[in-house]
Every structure is written in C-alpha cells, then in structure tokens.
1. So which residues in the stretch B:143-171 are open to solvent by 60 Å² or more (accessible area, probe 1.4 Å) and away from chain A (no Cβ under 11 Å)?
2. Looking only at the stretch A:1-33, count every residue that is surrounded by fewer than 17 Cβ atoms within 10 Å (Cβ to Cβ) and in a helix (DSSP H, G or I) and tell me the total.
3. Which ones in the stretch B:180-201 are surrounded by 14 or more Cβ atoms within 10 Å (Cβ to Cβ) and modelled with pLDDT of 80 or more?
4. Report, by residue number, each residue of the stretch A:238-262 that is surrounded by fewer than 20 Cβ atoms within 10 Å (Cβ to Cβ), facing another protein chain (nearest Cβ under 8 Å) and at pLDDT below 90.
5. Is the stretch B:219-227 home to any residue that is among the hydroxyl-bearing types (Ser, Thr, Tyr) and at pLDDT 80 or above?
6. Given the stretch A:104-221, what helices (runs of 4 or more DSSP H) lie entirely inside it while holding 2 or more residues that are open to solvent by 60 Å² or more (accessible area, probe 1.4 Å) and farther than 17 Å from residue A:235 by Cα?
7. I'm trying to understand the selection: among the residues of the stretch B:114-140, which are within 14 Å of chain A (Cβ to nearest Cβ) and under 17 Å from the mean Cα position of the chain (by Cα)?
8. Checking the condition among the polar types (S, T, N, Q), closer than 20 Å to residue B:300 by Cα and open to solvent by less than 50 Å² (accessible area, probe 1.4 Å), which residue from B:279, B:207 passes?
Amino acid sequence: MKQTQAIYRRELNAYFKSPIGYVLLAIFIFVSSLFFAVNLLGYYANIASELNFMQGLFFVLIPILTMKTFAEERRSGTEILLFTTPVTTPQIVVGKYLAAFTLFLIMTATTLIHVAITVLLQGTVDVLLLGTYVGFILSGAVYIAIGVMISSLTSNQIIAAIVSVVIFIGFMLLEAIASLLGNFTTTILQNLDFLNLLSAAQEAAAGEAVTKAVNWINPATRLVDFSSGIFRLTPIVFLISITLLFLYLTVQVLERRRWTQS
Amino acid sequence: MTDNKDANIKETNSTVTPDSGQLPTTPAAESTPTAESTPAAESAPAKQSVSPSGSRRRPPKRLVDRRSRRIGRISLLTTLVVLAIVILVNIVLETVVGDRLSWDLTQNQLMSIGEKTEELLERLEEDVHISYLGTENDLLNHSTLAFVPQLLNDYVNRGRGHIIVEYVDPVADPSVISRLDPQSIHQLSERQFVVQNRANGRLRVLSQQDLVATQLNQQTLQTVMTGYSAENAFSGAINYVTLDIVPTVYRLTGHGEPPLEESFQVLGGLMDANGFDVSDINLLTVEKVPEDAAVLLILAPPADISGPEADRIIAWIKTGGSIMVAPGAFTGQDFANLNRVLQEFNIELTSDRVREGDSSLHLPNYPTYILAGAPKNDITTGSVPETLISEAAGVKILQNPVEWIETSVLLKTSDMAVLEEGGNPASISPEGVQNLAVMSDSTGYMDGTNVKHSSRAVVFGSSSVFDDQTFSLVGYQAYNYMLTYLSFDWLSQGQTDVNKLVIPNKQLASYKIQHTGSTTPIYAAAIGTAVVLPLLMLLLAIIVYRRRKHL
C-alpha cells in the first residue's frame with residue numbers, strides 16, 4: 001500500500017510539476033465552461049447535457065492524460081529503475097492509474113462550479129445529474145485504464161496517444177458498426193437459407209442479436225442509460241470490470257517485459 | 001531487482017545438461033516469474049556460474065527464448081481466464097439481475113409506468129403484443145424517443161407475462177406488415193407501434209407523434225414539444241384492445257370545427273386512453289346519429305348548427321343520447337338552433353361573455369380568464385382544485401322546472417362576476433354568480449323498453465376548459481383534466497368505467513434559469529468560468545514551464 005501511495009504521489013506531482021496537468025485542466029475548463037456559459041446566457045443550465053457533451057472530448061483529453069504513463073518511463077530508461085525498486089508490477093500500475101484518474105476527477109470536479117452557479121441562479125439541479133456524474137466518472141475510469149494499457153505497449157508517447165485516439169473513436173463508431181454487422185448477418189442468412197429453414201423474422205432477429213451483442217461489449221453504448229436517466233447496476237459492474245480487466249492486461253504486459261529477455 | 005533476476009537465470013543455467021538443454025523442473029522455475037517469486041531464486045547463490053575473467057555470463061539465447069515463451073504462454077493463459085471470468089460474471093449478472101436493479105432518475109419518471117397503468121396491467125387477462133416497426137436502435141438513437149424501449153421494458157416487467165414487446169424492421173422482414181394487418185386496413189408503415197390483442201383481433205396503431213405532446217407556438221408558428229404522452233398512449237391502446245365494449249364519441253363537423261389534432265390533442269389522448277373511438281359525423285349529410293354513439297360532441301363550432309341538424313340531434317336525444325357542448329373562444333355568436341336542442345335539458349347557451357370581478361380568481365389583467373369553482377354534484381364528488389376557463393359564454397339554467405330534468409351547476413364564478421352583454425364590456429349585468437358550465441340529466445324519454453338510459457348533457461361556456469393552450473398553462477394540477485374525463489365518463493353512463501385511465505402527460509423537465517434580477521451575475525458567471533478560470537490555469541502552466549526551463 002505504501003509503495004502504491006509513493007508511486008501515486010510521484011505521478012500526481014509529475015502532472016503538476018510539468019505544464020501538462022494545467023494545460024489539460026485549462027482545456028477541460030474552457031470547453032465545459034464555454035458550453036455552460038453559452039447556455040447560461042440563454043437562461044438555461046443543464047449540467048447533465050454538459051457532461052454528455054464533454055464525454056465526446058474524452059478521445060482527445062484522455063490520450064493526452066495517459067500517453068506518458070509508461071511510454072515516457074520506457075523511452076527515458078527509468079522503467080528499469082522502476083522495475084528494480086521493491087515494488088510489484090500491480091502496485092506500479094495501480095499507483096500510476098490512480099494518479100491519472102485523480103487528475104480526471106479534479107477536471108470533473110471543476111464542473112461543480114457550474115452546479116453551484118446553477119443553484120445560485122435558481123436553475124434545476126435534479127437527481128438525474130447524480131446518475132450522469134456516475135456514468136461520466138465510470139466511463140473516464142474505463143478510458144483511462146485503456147489509455148494506460150496502450151501506453152505500456154510502446155515507448156513513444158505520440159504513438160500511444162494516436163492508438164488511444166483511434167481506439168476511442170472506434171468505440172464511438174462501434175455502434176454504427178454493430179448495426180452494419182447486424183444487417184450483414186441478416187443478409188447473409190437470407191442468401192444462404194436456400195431451404196427456407198428460417199423465417200424472415202428469425203433472420204432479422206439473428207441480425208438484431210448480433211447488433212445487441214456488439215453493443216453489449218461497447219462501453220460507449222452501455223453509458224446511454226446513465227445519460228438518459230436510468231441508473232442500473234449492470235452497466236456499473238460492467239464498466240468496473242472492464243477497468244479492472246485493462247489494468248490486469250497492463251500488469252501482464254509489464255510483467256512480461258519485466259521478466260523476459262530477448 | 002536486476003540482481004535477483006540474474007541470479008534466477010544463472011541458477012537455471014547452471015543445471016542445464018549439455019546434451020538436452022532441458023530446463024530443470026524446480027518450483028522456482030515452474031512458478032510464474034513475478035516479483036514475489038524472486039526470493040526463491042535469491043536462496044540459491046551458490047549455483048551461480050562465473051566466467052574465468054570474473055564477469056557473469058549471459059544465459060544462452062535458446063534458454064532465454066524458452067523462458068520468455070513460457071512466460072508468454074502463462075500470461076496469455078491467465079489473460080484468457082480473466083477475460084472469460086469478466087464476461088461470465090457480466091452475463092450472469094445481466095441474466096439474473098437484468099433491469100431489476102435499476103432506478104428511473106428522470107424528473108418526471110419518464111421511463112416508468114405510473115399507478116394507473118399498474119392497475120391496468122394487474123387486471124390484464126389477455127396477451128397484448130406491442131410491435132415496433134423498426135429496430136430498437138432506431139428508438140435509442142432518437143432525439144426525443146430514446147426513453148421508449150426502457151418504458152416498454154417496464155410494461156413487460158410488470159405485465160405478468162401478458163405484455164410482449166417486439167421490434168421488427170419491415171425493411172428486413174417485409175412480411176410483418178401483412179402479418180399484423182392482413183387486410184391492410186391500417187396502412188402500416190415504418191416507425192409505427194402496433195398494439196394488438198390477438199385473441200379478439202383488435203389493434204391500435206400509434207405513431208411516434210402520439211408519444212409526445214406538442215403545441216403550435218402562435219408567435220413563431222412552429223410546433224413545440226410540451227410533454228410526453230407515451231404512457232398515456234400505450235396504456236390507452238392496451239386498454240382499448242382489451243375492452244369488451246368500445247364506446248364511440250361522434251364529433252359534429254361541417255361548420256369549420258378545428259380537428260382534434262390542431263387544438264385538442266390532450267382531449268384526443270384522453271379519449272384514446274379510455275377506450276373511446278372518436279369519429280367525425282356531419283349531420284348535414286348523415287340523417288341520424290349512429291346507434292353506437294355513446295356521446296355526441298359539439299366542439300368549438302364557429303357557427304350555429306342548422307335546423308335539420310338540431311332536429312336530428314333532438315331525435316337522438318329522445319332515444320337516450322347524450323351530448324357535450326363546448327363553443328370555441330367567445331365571439332358573441334347566437335346559437336339559436338343549438339339552444340333549441342339544449343332546451344331539452346333546460347339549458348341555454350347565452351351570447352354574453354363572463355367577466356370575473358374577484359382579482360384573485362382570474363389571471364392577472366385578464367378578467368375573462370377565470371379560475372372557476374366546481375360545486376359538488378354527480379360529476380364533482382369531492383373538493384377539487386380550481387378550473388381555468390377563458391373567454392366563456394354564460395350558461396343559463398332555464399326557469400322551466402320539470403321533475404324529469406335534473407340540472408346542476410358544474411362550474412361557476414364568484415359572486416362578483418358579471419355578464420358582458422353580447423360581449424360588450426360597457427354593457428354589463430349586475431354582479432352575481434355566473435354559470436360557466438352546467439350538467440343536466442333528463443329521464444323524460446325513458447320507457448324501460450326502447451329507451452333504457454336517461455339523456456344527458458354537459459354544456460361548457462367555452463371549449464378552453466380542455467384545449468391544449470389551457471393545459472400548457474395549468475398543466476395537470478388544475479381540475480381541467482379530471483373534469484374533462486369525469487364529464488365524458490358521466491355522459492357515457494359507465495360504458496368507460498372499465499379502467500378509468502386518467503394518465504396525465506409527463507411534463508418536460510425544465511432547465512430554465514429562474515433568476516429574474518439583474519443580468520450582471522449571469523454575465524459574471526459566464527465570463528468567470530469560460531475565460532478567467534482557463535486563463536488562470538494557462539498562467540500556472542506557463543509559470544511551471546518557465547521554472548522547469550531554468551532548472
């Protein structure tokens with residue numbers, strides 16, 4: 001625990017001892033506040049829609065946040081130093097992950113200023129916002145875990161960032177891809193079913209099932225419920241388990257590098 | 001840590017047989033090479049091999065490759081196991097828990113069914129299929145209807161197995177149209193909902209527009225959404241397809257009456273929800289009111305009805321028919337022929353406008369927008385909120401008392417109201433209580449054989465009681481909505497009291513800022529958050545950058 005804390009502190013300090021933490025905060029605050037301010041001038045304040053809008057920026061912000069996590073250590077050679085300290089790989093990963101996640105939470109917390117202003121100006125702050133915050137933070141947790149893992153795969157920060165961006169955009173497009181795959185499945189079944197073993201409804205249902213299955217594994221789709229006002233247990237467990245899975249994968253990547261020679 | 005690793009490698013190296021090159025199967029070598037496993041390696045320093053020059057020898061490449069491959073295999077295996085566990089846990093959770101542990105956080109409980117629908121579903125004994133002609137994704141991606149799949153899930157979850165929801169894309173499965181509507185009566189098309197009771201074959205088609213309440217903005221001439229009517233629409237359709245008897249309300253047309261969709265969407269939705277079929281009838285061309293009519297509705301006629309129409313309506317009243325009369329916004333129109341009909345009930349619709357004198361009982365500066373009181377009678381049985389009625393004509397009870405006609409006041413003003421004669425504000429009646437709506441029950445034509453029901457009438461001084469503009473002003477908190485339903489229920493003499501589905505539309509959540517004072521705080525908040533705070537962060541970034549530069 002102490003080792004994790006030490007790494008966590010070191011990483012969090014690193015964000016604020018370099019301009020990167022402040023620049024990220026500046027970008028986040030500027031974009032979210034711009035959205036808020038434009039609505040506010042029209043006498044309208046919906047923080048939930050602001051958070052949904054900000055989720056669209058994850059594919060830019062989170063790669064910047066996570067790109068240096070391991071890639072920079074590897075490039076500068078400090079990874080060996082890290083590996084030779086009396087710290088286990090999971091402790092390293094968790095410490096670095098929590099530092100990045102904390103910066104993300106600080107960014108998220110800046111939107112509480114908007115909540116306070118909304119309350120002061122007699123706007124509506126309802127319980128839906130709580131669900132939206134939970135969804136926002138959980139999705140950030142997943143994307144940061146993915147970004148950290150990508151960073152562990154390469155020694156080049158830029159490559160780590162680009163790959164993360166591509167993956168996050170992939171998540172955004174996955175919904176459309178899921179729909180295409182569903183239609184493709186239906187079409188294939190229709191063309192192959194010479195003997196009419198399946199009814200048209202069954203073929204359509206098979207396509208729908210494929211679409212649902214692909215959407216089921218897509219974190220972006222699983223978050224729709226939160227933003228629309230439904231607070232469900234299953235997406236929460238799903239997002240937490242995906243986060244843990246990617247942290248585990250990161251540990252595996254580093255363990256392999258730590259204990260193998262080539 | 002590097003020493004540990006080297007020690008581990010050299011320990012294994014020293015026990016390799018020259019011929020086979022096989023790794024020994026020591027526990028330390030077999031275990032996953034994590035940081036925790038290194039102490040085992042550290043405990044064997046005696047077996048380290050050192051070159052004659054004193055420097056440590058690197059292990060042979062082949063050995064290292066084997067070791068790396070084994071680590072890779074173990075890593076891959078454990079990763080697959082963890083992945084399988086993650087997927088399994090989520091699938092099991094989705095199957096076992098599913099939607100049961102979910103909460104609707106929306107301000108208006110948009111995705112959950114209400115008490116009335118729950119009661120309806122509890123009484124349901126037949127299966128009802130709700131088919132959406134499109135994909136679930138279409139709805140989930142819809143800007144305003146994304147909540148519908150979740151709402152339908154709630155119907156399924158609480159429907160005790162009687163509600164079956166399916167999404168069938170007619171593009172992928174064109175036969176669905178003919179399956180649902182073999183005779184093509186309903187002209188089904190994409191993106192419609194079909195609510196069907198396959199036991200009796202009755203179905204109701206809902207369009208996407210039926211799920212939202214809209215209103216025409218008179219200033220911009222654009223239709224704006226004012227609320228959600230999805231629960232009302234679905235529950236009404238379920239009610240309709242499971243009703244044994246479907247009463248019909250005939251709406252009199254032929255005088256330029258506005259269609260229900262134009263100004264009376266809420267009223268239309270209310271009647272749909274309670275299983276009324278609404279049909280138009282033009283008594284200038286049709287000789288008599290059909291026998292299946294439960295109520296004849298004379299709604300906002302811009303002109304008086306003709307003599308022959310009045311005769312046909314009176315003929316129908318004599319068979320036990322019931323009517324509801326509600327003229328449009330006050331114009332001073334004289335309804336001579338209509339009043340001939342109303343005389344059957346001892347009622348007269350005047351050509352005088354009602355003006356409220358008590359400023360606490362009308363909208364500010366609008367004395368003809370009256371908050372009317374509703375005394376107790378067969379329709380209003382308890383204490384109720386006020387009812388907004390605007391630009392109403394006075395409704396007079398005729399001084400012709402006969403024992404078979406029972407007349408009661410349904411809506412009235414305070415005792416400070418006056419009648420503007422002919423709509424002239426300068427010519428007013430003495431102050432007093434003015435009737436804004438009257439109900440009447442006539443048993444005069446009942447003979448117990450051909451005519452088993454009494455004839456009934458409800459006359460409002462204005463159709464504003466239930467027009468969409470009023471509902472947008474007072475919502476569902478005022479008595480207007482309930483009064484509308486109860487009036488129809490009373491007129492149809494119990495034909496509709498199967499479910500009493502009075503489900504108000506769900507209001508749009510409003511995120512408008514209510515601040516009314518100076519605009520300075522708003523500008524200050526906007527500039528402070530969007531300009532000052534980001535600049536502050538950038539300034540800090542520059543300071544940190546400059547400090548690091550000089551390190």
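The values are calculated or read from the model by the stated rules, or taken from the named source; none is laboratory data. Computed from a predicted model, the values in this text were never measured in an experiment. Every residue, glycine among them, receives a Cβ derived from its backbone with ideal geometry; neighbour counts consider all protein chains shown. Remember, those area values only see protein heavy atoms, side chains included, never the ligands or the DNA or RNA. Shrake-Rupley method; radii C 1.70, N 1.55, O 1.52, S 1.80 Å.
1. Selection gives B:143, B:157, B:158, B:160.
2. To start, the set of residues in the stretch A:1-33 that are surrounded by fewer than 17 Cβ atoms within 10 Å (Cβ to Cβ) comprises A:1-3, A:5-6, A:9-10, A:13-14, A:16-18.
Retained after the next criterion (residues that are in a helix (DSSP H, G or I)): A:2-3, A:5-6, A:9-10, A:13-14, A:16-17.
Qualifying residue count for the region: 10.
3. B:180, B:181, B:188, B:191, B:192, B:193, B:194, B:195, B:196, B:197, B:198
4. A:256, A:260, A:261, A:262
5. If we filter the stretch B:219-227 for residues that are among the hydroxyl-bearing types (Ser, Thr, Tyr), which is where we start, we get B:220, B:223, B:226.
If we keep only those that are at pLDDT 80 or above as well, we get none.
There is no residue in the stretch B:219-227 that is among the hydroxyl-bearing types (Ser, Thr, Tyr) and at pLDDT 80 or above.
6. Working: elements: A:112-120, A:127-153, A:157-192, A:200-216.
So the answer is A:112-120, A:127-153, A:157-192.
7. Filtering the stretch B:114-140 down to residues within 14 Å of chain A (Cβ to nearest Cβ) leaves B:129, B:131-140.
If the condition is that a residue be within 14 Å of chain A (Cβ to nearest Cβ) and under 17 Å from the mean Cα position of the chain (by Cα), then B:132, B:139, B:140 are the ones that fit.
8. Values: B:207 fails: closer than 20 Å to residue B:300 by Cα.
Selected residue: B:279, the only one of B:279, B:207 that is among the polar types (S, T, N, Q), closer than 20 Å to residue B:300 by Cα and open to solvent by less than 50 Å² (accessible area, probe 1.4 Å).
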